[in-house]
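K.L.:
Structure below; questions to follow.
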Amino acid sequence: FQPINNWIDEFTRSFFIRTRTDHRNVIERFSRQVISLFDPAKLRQIIEETLKTTLLVEDIFFVLYDDSVGEYVLRQDRFSQSRKIIKREDLLLRGINQLDSPTFFHSLSDFKKDSELADELERRGVKLILPMKDSEHLLGFLALSAKAAGYNYSTEDINLLGVLSNQMVTALTNARLYVDSLERIRLQEEVSMARQIQLDLLPTAPPKYDCMNISAHSTPSRTVGGDFYDFIKKDDGRLGICIADASGKGMPAALMIAQTQAILKSEVHNGNPIDVILRNMNQQLVNSSSSEKYVTLFYGEFDIQTGWFEFANAGHNYPIIVRQDCSVEFLKTGGPIVGALPMMNYTSEKVKLQKDDVMFFFTDGLSEAMNDREEEYTEERIQAFVSEHKSKEPGDIIDLILKDVRKHDPTYPPRDDTTIISLKINNGFELHER
């Protein structure tokens, strides 16, 4: 009866396999399932179920490029939480990158020496490698173990896997583009929120006094940086003037400037002297943020009755005073940036402002604007420009220098936030506002 038993076994095996490897039905069903599927996890589930039910593959290992780590990552299956990072310089991975079709693992012996990936796949009993490549890149590959019941991979199986591989590449690419589009939308929403926070912190208009004219301007960059400026009216009649630049971009920078402005206003309204204001502000920022987050800041108080201006500079670009006689002074006195190092002390200084003196405050978005030859606009050029145009009104000086900067660097919106305050002393000092 042995011949009969063998015939029955062969008939059963061939019938069993054929009903599960109807290639046309498999391809059509797989195509329908993945054509509009954008969830990478769901896509991996369908791939796994298709291969296990149609080809009787016992184990499937996914190796896909992960943008979050910049490397290829090996996962056992869709249920596995563990993952192993595969370095791009791994010899076997480089060999798989050269493949264009399903390939038996044993035929890749030239690429297995000193390969951690090869050792890992050997340990897991991998028999077949299914590369997934678009026109330019290796998106990843599937590592398939032996088939159930000891069946071997047939020529028909290999052909089917080749067709499915092309569909997998299309589906994976679409899923990645979909995820990228969602991330772009999220980032755009974050940028929009950060920009709104930034705009809400800026004064609606500069204060007006008979003794001086003030103008201000802030152009946000494409990514939203951390520039801000403010005018704080004190109970004793003095006017606080602040210009600052927080490190970072986007929402972290926006939150940093919001926190900095809140601390500044609290310290000013508490009546603290300027050196104490900066010392307390620095310590509060150190206690509430990491050392990578800091602020360059200039703060000064203008006494509109006497013309004295007291200030402290915490690592910010030096504001400029162009005197009536065209001499130039830089407001340097102060201390280090705020928020980076604990227990810092600051020093304030006073300068007397006279009729027709011009003060010019700015952030590094102005001085570091770069042309195609990678040449910065520079602080020296700012000084020369303000000196040349000191006879003009503050708003005109700002408009003219912005036009000059855009000739130097036509990028718009600018690469970095650009914030300017310009102030000019009039005929005398009055006790009241206009």
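K.L.:
I'd like the residue in segment 68-86 that is assigned to a loop (DSSP other than H, G, I, E, B) and surrounded by 15 or more Cβ atoms within 10 Å (Cβ to Cβ) and, out of all such residues, is modelled with the lowest pLDDT.
P.N.:
Keep residues of segment 68-86 that are assigned to a loop (DSSP other than H, G, I, E, B), which gives 68-70, 76-82.
This time we only want the ones that are surrounded by 15 or more Cβ atoms within 10 Å (Cβ to Cβ), so: 76, 78.
On the way: GLN76: 62, ARG78: 53.
Among residues in segment 68-86 that are assigned to a loop (DSSP other than H, G, I, E, B) and surrounded by 15 or more Cβ atoms within 10 Å (Cβ to Cβ), the one modelled with the lowest pLDDT is ARG78.
K.L.:
Sticking with this structure for a sec: Taking ILE8, is it closer than 30 Å to ASP180 by Cα, assigned by TED's automatic domain parsing to the domain that holds VAL163 and either at pLDDT below 85 or in contact with a helix residue (DSSP H, G or I) (Cβ under 8 Å, 6 or more places away or on another chain) (or both)? I'd like the intermediate steps shown before the answer.
P.N.:
Details: closer than 30 Å to ASP180 by Cα: no; assigned by TED's automatic domain parsing to the domain that holds VAL163: yes; either at pLDDT below 85 or in contact with a helix residue (DSSP H, G or I) (Cβ under 8 Å, 6 or more places away or on another chain) (or both): yes.
No, not satisfied.
K.L.:
Now for a different question. Suppose we filter SER327, SER348 for residues that are crowded, with 20+ Cβ neighbours inside 10 Å, over 25 Å from the mean Cα position of the chain (by Cα) and among the polar types (S, T, N, Q); which single one remains? Spell out the reasoning first.
P.N.:
Details: SER327 fails: crowded, with 20+ Cβ neighbours inside 10 Å.
Testing whether each residue is crowded, with 20+ Cβ neighbours inside 10 Å, over 25 Å from the mean Cα position of the chain (by Cα) and among the polar types (S, T, N, Q) leaves just SER348.
K.L.:
Just to be sure I understand, how many residues within segment 368-380 are out of contact with any helix residue (DSSP H, G or I) (no Cβ under 9 Å at 6 or more places or on another chain) and either on the phi > 0 side of the Ramachandran plot or part of a strand (DSSP E or B) (or both)?
P.N.:
Counting residues in segment 368-380 that are out of contact with any helix residue (DSSP H, G or I) (no Cβ under 9 Å at 6 or more places or on another chain) and either on the phi > 0 side of the Ramachandran plot or part of a strand (DSSP E or B) (or both) gives 1.
Results for (1) within 29 Å of SER31 (Cβ to Cβ); (2) assigned to a helix (DSSP H, G or I); (3) without any contact (Cβ under 8 Å) to a residue 40 or more places away in the chain, shown as yes or no for each residue.
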| site | (1), (2), (3) |
| --- | --- |
| ARG88 | no, no, yes |
| LEU117 | no, yes, no |
| LYS127 | yes, no, yes |
| GLU136 | yes, no, yes |
| LEU139 | yes, no, no |
| LEU142 | yes, no, no |
| ALA149 | yes, yes, no |
| ASN159 | yes, yes, no |
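K.L.:
How many residues does segment 202-238 contain that are touching a residue at least 60 places away in the same chain (Cβ under 8 Å) and within 22 Å of the chain's Cα centre (by Cα)?
P.N.:
Number of matching residues: 10.
K.L.:
Find all pairs meeting these conditions: Cβ atoms under 8 angstrom apart; at least six residues apart or on different chains; first residue within segment 342-360 and in the same structural domain as LEU402 (by TED's automatic domain parsing) and farther than 24 Å from SER291 by Cα; second residue crowded, with 17+ Cβ neighbours inside 10 Å and among the basic types (Lys, Arg).
P.N.:
ASP356/LYS390; ASP356/LYS424; ASP357/LYS424; VAL358/LYS390; VAL358/LYS424; MET359/LYS424
K.L.:
Is it fair to say ARG415 is within 30 Å of GLY335 (Cα to Cα) and part of a loop (DSSP other than H, G, I, E, B)? Steps first, answer last, please.
P.N.:
Numbers: within 30 Å of GLY335 (Cα to Cα): yes; part of a loop (DSSP other than H, G, I, E, B): yes.
For ARG415, the condition - within 30 Å of GLY335 (Cα to Cα) and part of a loop (DSSP other than H, G, I, E, B) - is met.
K.L.:
Which one is farthest from GLU292 (Cα to Cα), of the residues in segment 361-392 that are touching a residue at least 40 places away in the same chain (Cβ under 8 Å) and acidic (Asp, Glu)?
P.N.:
Taking segment 361-392 first, the residues touching a residue at least 40 places away in the same chain (Cβ under 8 Å) are 361-370, 379, 382-383, 386-387, 390.
If we keep only those that are acidic (Asp, Glu) as well, we get 364, 368, 379.
On the way: ASP364: 18, GLU368: 21, GLU379: 25 Å.
Here the residue is GLU379.
K.L.:
Of the numbered conditions (1) touching a Cys at 6+ places or on another chain (Cβ under 6 Å); (2) assigned to a loop (DSSP other than H, G, I, E, B); (3) not small (Gly, Ala, Ser), ASP230 fails exactly one; give the number of that condition.
P.N.:
(2)
K.L.:
Moving on. Could you tell me how many of the residues in segment 90-102 are in a loop (DSSP other than H, G, I, E, B) and either exposed (fewer than 13 other Cβ atoms within 10 Å of the Cβ) or more than 33 Å from the chain's Cα centre (by Cα) (or both)? Outline the logic, then answer.
P.N.:
Taking segment 90-102 first, the residues in a loop (DSSP other than H, G, I, E, B) are 90, 97-102.
Keeping just the survivors that are either exposed (fewer than 13 other Cβ atoms within 10 Å of the Cβ) or more than 33 Å from the chain's Cα centre (by Cα) (or both) gives 98-102.
Total meeting the criteria: 5.
K.L.:
Tell me the residue from ALA205, ALA171, ALA175, ALA216 that is within 26 Å of GLN305 (Cβ to Cβ), surrounded by 17 or more Cβ atoms within 10 Å (Cβ to Cβ) and either not β-branched (Val, Ile, Thr) or not assigned by TED's automatic domain parsing to the domain that holds VAL286 (or both), please. Walk me through how you get there before you give the answer.
P.N.:
Details: ALA205 fails: surrounded by 17 or more Cβ atoms within 10 Å (Cβ to Cβ); ALA171 fails: within 26 Å of GLN305 (Cβ to Cβ); ALA175 fails: within 26 Å of GLN305 (Cβ to Cβ).
Exactly one of ALA205, ALA171, ALA175, ALA216 is within 26 Å of GLN305 (Cβ to Cβ), surrounded by 17 or more Cβ atoms within 10 Å (Cβ to Cβ) and either not β-branched (Val, Ile, Thr) or not assigned by TED's automatic domain parsing to the domain that holds VAL286 (or both), namely ALA216.
K.L.:
Of the residues in segment 258-275, how many are β-branched (Val, Ile, Thr), touching a strand residue (DSSP E or B) at 6+ places or on another chain (Cβ under 8 Å) and surrounded by fewer than 23 Cβ atoms within 10 Å (Cβ to Cβ)? Explain how you work it out, then say what you get.
P.N.:
At the first step, the residues of segment 258-275 found to be β-branched (Val, Ile, Thr) are 260, 263, 268, 274.
After this cut, where a residue has to be touching a strand residue (DSSP E or B) at 6+ places or on another chain (Cβ under 8 Å) as well, the list is 260, 268, 274.
In the following step, the residues that additionally are surrounded by fewer than 23 Cβ atoms within 10 Å (Cβ to Cβ) were identified as 268, 274.
Total meeting the criteria: 2.
K.L.:
Conditions: (1) surrounded by 12 or more Cβ atoms within 10 Å (Cβ to Cβ); (2) within 39 Å of the chain's Cα centre (by Cα); (3) closer than 28 Å to GLN33 by Cα. GLU120 meets all but one. Number of the miss?
P.N.:
Tallying (1) surrounded by 12 or more Cβ atoms within 10 Å (Cβ to Cβ); (2) within 39 Å of the chain's Cα centre (by Cα); (3) closer than 28 Å to GLN33 by Cα, GLU120 fails exactly one: (3).
K.L.:
Can you pull out every residue in segment 281-328 that is of a type in the set (Gly, Ala, Ser) and either touching a Cys at 6+ places or on another chain (Cβ under 7 Å) or farther than 17 Å from CYS242 by Cβ (or both)?
P.N.:
First, pick out the residues of segment 281-328 that are of a type in the set (Gly, Ala, Ser): 288-291, 300, 307, 312, 314-315, 327.
Within segment 281-328, SER288, SER289, SER290, SER291, GLY307, SER327 meet the criteria.
K.L.:
If you go through segment 128-136 one residue at a time, do you hit one that is over 23 Å from SER68 (Cβ atoms), modelled with pLDDT under 90, surrounded by fewer than 17 Cβ atoms within 10 Å (Cβ to Cβ) and of a type in the set (S, T, N, Q)? Let's see the steps before the verdict.
P.N.:
Filtering segment 128-136 for residues over 23 Å from SER68 (Cβ atoms) gives 128-130, 135.
Now restrict to residues that are modelled with pLDDT under 90: 135.
Narrowing further to those that are surrounded by fewer than 17 Cβ atoms within 10 Å (Cβ to Cβ): 135.
Filter again for of a type in the set (S, T, N, Q), leaving 135.
Among the residues of segment 128-136, at least one is over 23 Å from SER68 (Cβ atoms), modelled with pLDDT under 90, surrounded by fewer than 17 Cβ atoms within 10 Å (Cβ to Cβ) and of a type in the set (S, T, N, Q), which makes the answer yes.
The values are calculated or read from the model by the stated rules, or taken from the named source; none is laboratory data. All of these numbers come straight from a predicted model, not from anything done at the bench. Note that we place each Cβ from the backbone using ideal geometry, even for glycine, and neighbour counts take in every protein chain shown.
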